[in-house]
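The values are calculated or read from the model by the stated rules, or taken from the named source; none is laboratory data. Computed from a predicted structure; not experimentally measured. Neighbour counts run over all protein chains shown; Cβ positions are idealised from the backbone, glycine included. Surface accessibility is based on the protein's heavy atoms, side chains included, excluding ligands, DNA and RNA. Shrake-Rupley method; radii C 1.70, N 1.55, O 1.52, S 1.80 Å.
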Amino acid sequence: MIYDIPLICSSIVSSIIMFQTILIAPAINKRINSKEASVFLRFIWPKFFLIIGIISLVSAVCLFLFNIEQNVAKISSISSLVLMSICYIITPVINNAKDRSNDKTWTILHLSTVIMTSLVLILNIISIFLYK
């Protein structure tokens, strides 16, 4: 059972990312006015990054603590933890850029979080398929 925790964590991370980005965020942007959507998305995105980071930490701890020989899973979990931590840390900077109408900074930082989140998704999907 312990051996499968990293596989379960990668599955959960992948599911959360796909659910949030495919269903939740687009639905909010279409159904709620932009001001209310902004308030909600500012509430949910830091939690999104934090939850994925914590799940990735659990995976990494299990992999190293129980000496599970899954190198791809180790790379995936550590990378996911680091990337989601960066996203979490820069979220207030992104919000501040939006508030100050600094579109260039907002675009660069927002795109960075999109790329990092996409990379986390790809790494976790690869980890799922290569888990032995």
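Per the listing SER59, SER77, the residue uniquely of a type in the set (Ser, Thr, Tyr), in contact (Cβ under 8 Å) with a residue 40 or more places away in the chain, open to solvent by less than 30 Å² (accessible area, probe 1.4 Å) and touching a Cys at 6+ places or on another chain (Cβ under 6 Å) is SER59.
Scanning region 34-71 for residues that are under 21 Å from SER112 (Cα atoms) and of a type in the set (S, T, N, Q) returns SER38, SER56.
Pairs are defined by a Cβ separation below 7 Å, a sequence spacing of at least 6 or placement on different chains, a first member in region 19-41 that is within 17 Å of HIS110 (Cα to Cα) and touching a residue at least 12 places away in the same chain (Cβ under 8 Å), and a second member that is among the aromatic types (Phe, Trp, Tyr) and open to solvent by less than 50 Å² (accessible area, probe 1.4 Å); the pairs so defined are GLN20/PHE48. Might you check whether a residue that is touching a Phe, Trp or Tyr at 6+ places or on another chain (Cβ under 9 Å) and at pLDDT 95 or above occurs anywhere in region 26-39? Scanning region 26-39 turns up no residue that is touching a Phe, Trp or Tyr at 6+ places or on another chain (Cβ under 9 Å) and at pLDDT 95 or above. Residues in region 45-56 that are in contact with a Cys (Cβ under 7 Å, 6 or more places away or on another chain) and either open to solvent by 20 Å² or more (accessible area, probe 1.4 Å) or farther than 14 Å from LEU121 by Cβ (or both): ILE55 only.
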